[in-house]
1. Over segment 64-173, what is the relative contact order in whole percent, taking alpha-carbon pairs under 8 Å and six or more residues apart?
2. Just grab the label-to-label distance for residue 245 and residue 224, each label 7 Å out from Cα along the Cβ direction, in nm (one decimal).
3. Points 7 angstrom from Cα along the Cβ direction at residue 201 and residue 183: gap in nanometres?
4. Using each residue's phi in segment 256-268, evaluate 6.51 cos²θ - 1.76 cosθ + 1.60 at θ = phi - 60° and report the 3J(HN,Hα) Karplus result to the nearest Hz, with x for Gly and Pro.
5. Can you work out the Karplus-derived ³J(HN,Hα) for every residue in segment 146-161? Use 6.51 cos²θ - 1.76 cosθ + 1.60 with θ = phi - 60°, whole Hz, and x for glycine or proline.
6. Using θ = phi - 60° and the Karplus form 6.51 cos²θ - 1.76 cosθ + 1.60, what ³J(HN,Hα) does each residue of segment 162-169 get, whole Hz, x for Gly and Pro?
7. Quick one: pull the percent of accessible area on segment 68-167 belonging to carbon and sulfur, 1.4 Å probe, ligands and nucleic acids left out.
8. How much accessible area per residue does segment 156-271 have, counting only protein heavy atoms and a probe of 1.4 Å, in square angstrom?
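The values are calculated or read from the model by the stated rules, or taken from the named source; none is laboratory data. Keep in mind that this is a model prediction, so the values were computed, not measured. Because the Cβ atoms are built from the backbone with ideal geometry, glycine has one as well, and the counts that use them run over all protein chains shown. Each accessible area value is taken on the protein alone, full model and side chains, heavy atoms only, with ligands, DNA and RNA left out. Shrake-Rupley method; radii C 1.70, N 1.55, O 1.52, S 1.80 Å.
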Amino acid sequence: KQWYQRRVAITAGEYKSYLSIMQAGQLAFDEYGQPFIILKDQSTKSRLSGLEAQKSHILAARSVASCLKSSLGPKGLDKIMVSPDGDITVTNDGATILSKMDVEHQIAKLMVQLSKSQDDEIGDGTTGVVVLAGALLEQAEVLLERGIHPIRIADGYENAARVAVEHLDKIAEDFPVDKANTEPLIETALTTLGSKIVNRCGRKFAEMAVDAILSVADLERKDVSFDLIKIECKTGGRLEDSQLVKGVIIDKTMSHSQMPKKKKVPTATLR
């Protein structure tokens with residue numbers, strides 16, 4: 001009797017599962033006997049193709065660019081982002097904003113990767129490169145509606161980029177790097193800090209950045225290893241309290257209040 005009741009219960013549960021499957025779609029079997037479900041209204045749906053698919057991709061990229069457009073330039077606005085854990089981030093950096101965004105569309109993910117590549121290679125212009133890409137795609141959509149093939153549009157953009165680079169090479173000026181005269185480097189660093197939250201202490205941070213770069217730069221190879229520069233953040237204090245330490249910083253708390261707070265020639269054991 002117990003076996004019969006258990007068997008009836010299992011059969012009832014299987015029957016309920018079968019009913020739920022039939023409501024979602026049709027149950028079918030392949031040539032190997034494996035079951036699969038054919039969803040309802042699947043035959044009436046059609047995939048986007050041709051011009052409609054291209055417009056959909058362009059719309060996704062433009063949506064990402066429009067989110068960053070208001071944070072471009074020295075008058076750009078900051079974005080407030082709240083993570084699922086409740087962490088709040090306030091920034092106008094394009095790479096930071098896109099890294100915090102939950103992007104699902106594949107073309108939109110390419111815009112995120114574009115900003116990340118700009119940040120890795122150059123370290124600046126993460127917002128501008130996304131806004132520029134969105135503007136180019138917006139103009140490409142107009143050309144697509146005129147019947148121009150996407151390959152022709154891409155070739156036109158490549159030719160335009162080559163002409164722009166050639167013009168930049170003509171108007172470019174030599175910028176020699178001299179450790180004895182760091183003022184041009186400091187002025188260059190100031191331009192990148194104009195839209196950041198540290199702009200009120202821009203001169204101080206620009207001098208710190210130039211000093212840190214020149215300390216580890218290989219001027220003969222024209223290369224800088226950023227792995228040799230470490231930024232330590234501490235809660236409290238002001239921006240003016242920031243300083244550049246030429247050495248090694250070990251974040252270690254004091255185990256006793258009577259320990260000396262300063263030692264000129266310390267000995268540290270690393271393991």
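1. Details: 85 pairs, mean separation 24.9, N = 110.
Contact order relative to length: 23 percent.
2. Placing both labels 7 Å along Cα→Cβ, they lie 2.1 nm apart.
3. Once both label points are built, they end up 2.5 nm from each other.
4. My calculation for segment 256-268 gives 8, 5, 8, 5, x, 7, 10, 8, 6, 10, x, 10, 10 Hz in order.
5. Each residue of segment 146-161 in turn: 7, x, 7, 5, x, 5, 5, 5, 5, 5, x, 5, 5, 5, 5, 5 Hz.
6. Per residue, the Karplus-derived 3J(HN,Hα) values read 5, 5, 5, 5, 4, 5, 5, 5 Hz.
7. Details: 3740 of 6630 Å².
The value for segment 68-167 is 56 percent carbon and sulfur by accessible area.
8. On the way: 10510 Å² over 116 residues.
Per residue, segment 156-271 has 91 Å² of solvent-accessible surface.
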